[in-house]
Amino acid sequence: MKDTKSFISYTLTKYSPEEMLQRSEWLYNLLNQRRSVRIFSDDPVPKKVIENIILTAGTAPSGAHKQPWHFCVVSDPDIKAQIRVAAEKEEYENYTRRMSHRWLEDLKPFGTDHLKPFLEIAPYLIVVMKKPYEVDSEGKKINNYYVNESVGLATGMLLAAIHNAGLISLTHTPSPMRFLRKILKRPENETPFLLIPVGQPHKKMTVPNLRRKPLEKISDFYV
Ligand code: IYR
């Protein structure tokens, strides 16, 4: 029989209703200030901070605790340049041929185009990989579970940790992203999920004037 994981005791700090309210407001206010930013400065970021951010992402729950993610951190200027060239090539195709008229109209308020200078300017690029399967010592493929859900959760925690450190991020989706596996020489069982530049904002940074949906538009309470 396979050994089952043993259970250990686990205690969680208990808060009063007032403390709960305060803490929930505090985190909401913090994360409500998070914005996707496209205009980076090249100011450096301590590597240890990036390490802590990745450790935070790695605390996400995952199907059967398989942790089907891998985070590739790129600061090497040559690799960043290769990624930019390849991403801009795909994005040129997207913006000129592959995206629908409606999609292009929906993106207009964000002022995006195929040019991605932030891929070279941001001090770090975090390439989030998902692992649909593992390969055992005999080369056999073993599927992971709920891979998109798990890696999505980890990426959400990654973005929150980046914001909490006072840094900016962009969830960039050059599509298709196969080039990332090639440039980073990653194994077959890793599929690029998101490309996230991380750094500090440029002093002339602006963000689109967006509004978040109010509570009643994003929830229903059955009470
Ligand atoms: N992948 C392209 C287009 C793009 C798509 C979405 I959905 C966005 O929210 C923003 C951009 C790009 O990254 O430019």
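Region 1-100: which trypsin sites (Lys or Arg not before Pro) are DSSP loop and have at most 12 other beta-carbon atoms within 10 angstrom?
Counting only loop positions with at most 12 other Cβ atoms within 10 Å, the trypsin sites (Lys or Arg not before Pro) in region 1-100 are Lys2, Lys5, Lys14.
Given springs between every Cα pair under 10 Å in a Gaussian network model of the chain, which of Thr56, Thr112, Thr191 has the largest fluctuation?
Highest fluctuation among the options: Thr112.
Placing unit charges on C-beta atoms (Lys and Arg positive, Asp and Glu negative, everything else neutral), compute the dipole magnitude of the chain about its Cα centre in debye, rounded to 20. Please list the in-between numbers first.
Numbers: 33 positive and 25 negative charges, 54 e Å.
My answer is approximately 260 debye.
Under 8 Å for C-alpha pairs, at least 6 residues apart: give me the relative contact order for the chain, rounded to a whole percent.
Details: 298 pairs, mean separation 70.9, N = 223.
Relative contact order for the chain comes out at 32 percent.
What ranking of Ser6, Ser62, Ser219 emerges when the number of other C-beta atoms within 10 Å of each C-beta is taken as an exposure proxy, fewest first?
Fewest-to-most Cβ neighbours within 10 Å comes out as Ser6, Ser219, Ser62.
Classify the chain: rounded, prolate or oblate, from the alpha-carbon gyration tensor (a ≥ b ≥ c, eigenvalue square roots; a/c under 1.5 rounded; otherwise prolate if a/b is larger than b/c)?
oblate
Considering only His70, Asn164, Ile121, whose Cα is most displaced toward the positive end of the charge dipole of the chain, charges sitting on Cβ of Lys, Arg (+1) and Asp, Glu (-1)?
Selected residue: Ile121.
May I ask what percent, to the nearest 5, of DSSP beta bridges between residues of the chain are antiparallel?
Bridges in the chain that DSSP calls antiparallel: roughly 95 percent.
Put a dot 7 Å past each Cα toward the Cβ at Asp106 and Lys47; how far apart are the dots in nm?
With each label point 7 Å from Cα toward Cβ, the separation is 4.0 nm.
How do Phe110, Phe40 line up, fewest other C-beta atoms within 10 Å first?
If I rank by nearby Cβ atoms, fewest first, I get Phe110, Phe40.
Below 30 Å Cα-Cα, how many Lys pairs turn up in region 44-139? Only count pairs eight or more apart in sequence, or on different chains, if you could.
Within region 44-139, the lysine pair count is 27.
What do you get for trypsin sites (Lys or Arg not before Pro) in region 128-186 restricted to DSSP loop and a cutoff of at most 10 other Cβ within 10 Å of the site's Cβ?
Qualifying residues, ordered by number: Lys140, Lys185.
What is the dipole size for region 6-80, taken about its Cα centre, with +1 at each Lys and Arg Cβ and -1 at each Asp and Glu Cβ, in debye to the nearest 20?
Using Cβ point charges on Lys, Arg, Asp and Glu, region 6-80 gives about 180 debye.
Since every read-out is calculated from the coordinates, none of them should be taken as a lab result. These numbers were taken from a predicted model, which means no experiment stands behind them. Positions of Cβ are generated from backbone atoms using ideal geometry, with glycine treated the same way; all protein chains shown enter the neighbour counts.
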